[in-house]
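The values are calculated or read from the model by the stated rules, or taken from the named source; none is laboratory data. Quantities reported herein were computed from a predicted structural model and do not represent experimental measurements. Don't worry about glycine lacking a Cβ; one is built from the backbone with ideal geometry, like all the others, and counts go over all protein chains shown.
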Amino acid sequence: MQLFVGHSSPRGSIKRYPFDLLEMPISSSLPRNKTLRGLHEQRPELRFSLRLHPDVILHGPSHEDITRTKEAALALGASVVVVPTGPRFTPTARNQRKLKEVFDALRADGQRLAWEPRGVWAPAETQAIGDEFDALLVRDLTRELPPEGPVIYTRLLPFGVAARVSQNATEILASHLENAEEAYVIVQSEGAKMLRDHLRQWFELEDG
């Protein structure tokens, strides 16, 4: 298995960033492409992913962040682009067409697309759409079952007062990653280093 664990936004110097995956949010404050290329050159072994804002899907492929994402993905050599959809993006035929249009606009060689649905979508429905559009499904695998396929992209959301990944959650996640060939784990709570170390021990992976 190839395992990549990291945070959902930059934290401090890229040279001292202690993980092997960094997800960067797309917005007007994203660094210039020249700066992004510099980040990639400083840490060529680091996997990058990009995450759009959920409101982008409501505007479709004409939104300026689509172009911004494509340029940033090229500068960083991004492995995955995540398209989140919020509760207002309901399961209608019109919204499915809009989702396909955004995926088509973002699709590029050597780069995976991922869909992170929120709201009233049923798991079987999201799986069918993900398969049809060739997109990974982003779920919190400490709370939900894993989607089908050999590549996993999961986001661990904060939960509770401590907002730290528990030992029980780590074991659940590990069991859900058992059949994965490639796994991207974004941690939005404390304990990312401990989680990564436990997962690497679980799957008997060597550091680096």
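Side notes on the structure shown:
- If you go through the stretch 107-135 and pick out every residue that is aromatic (F, W, Y) and either assigned to a loop (DSSP other than H, G, I, E, B) or under 14 Å from K70 (Cα atoms) (or both), you end up with 2.
- Restricted to the stretch 179-203, and to residues there that are within 24 Å of L113 (Cβ to Cβ) and not hydrophobic (A, V, I, L, M, F, W, C), the residue that is nearest to the chain's Cα centre (by Cα) is Y184.
- Whichever residue in the stretch 187-208 is charged (D, E, K, R) and farther than 19 Å from Y153 by Cα and, among such residues, is surrounded by the fewest Cβ atoms within 10 Å (Cβ to Cβ): E206
- Exactly one residue among V138, V102 is at pLDDT 95 or above, among the β-branched types (V, I, T) and assigned to a helix (DSSP H, G or I), and that residue is V102.
- Check on T90, in a helix (DSSP H, G or I), farther than 20 Å from G149 by Cα and not basic (K, R): no
- Selection count, the stretch 86-131, where residues are of a type in the set (D, E) and either free of Cβ contacts under 8 Å to residues at least 24 places away in the same chain or buried (at least 17 other Cβ atoms within 10 Å of the Cβ) (or both): 3
- Subset of the stretch 25-35 (residues that are outside any loop (DSSP other than H, G, I, E, B) and either more than 16 Å from S8 (Cα to Cα) or without any contact (Cβ under 8 Å) to a residue 12 or more places away in the chain (or both)): N33, K34, T35
- Any hit, the stretch 132-139, residues being more than 19 Å from V56 (Cα to Cα), hydrophobic (A, V, I, L, M, F, W, C) and more than 13 Å from the chain's Cα centre (by Cα): no
- All of E144, E71 fail the test of being out of contact with any Leu (no Cβ under 7 Å at 6 or more places or on another chain) and either part of a helix (DSSP H, G or I) or buried (at least 21 other Cβ atoms within 10 Å of the Cβ) (or both), apart from E71.
- Of residues in the stretch 158-208 being in contact with a strand residue (DSSP E or B) (Cβ under 7 Å, 6 or more places away or on another chain) and among the basic types (K, R), the one modelled with the lowest pLDDT: R164
- Residue selected from the stretch 1-38 under the condition surrounded by fewer than 14 Cβ atoms within 10 Å (Cβ to Cβ) and touching a helix residue (DSSP H, G or I) at 6+ places or on another chain (Cβ under 7 Å), by the criterion farthest from T154 (Cα to Cα): K15
For (1) in contact with a Ser or Thr (Cβ under 8 Å, 6 or more places away or on another chain); (2) under 17 Å from S79 (Cβ atoms); (3) without any contact (Cβ under 8 Å) to a residue 60 or more places away in the chain; (4) of a type in the set (V, I, T), each residue gets a yes or a no:
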site: V5; (1), (2), (3), (4): no, yes, no, yes
site: Y17; (1), (2), (3), (4): no, yes, yes, no
site: V56; (1), (2), (3), (4): no, no, yes, yes
site: D65; (1), (2), (3), (4): yes, no, yes, no
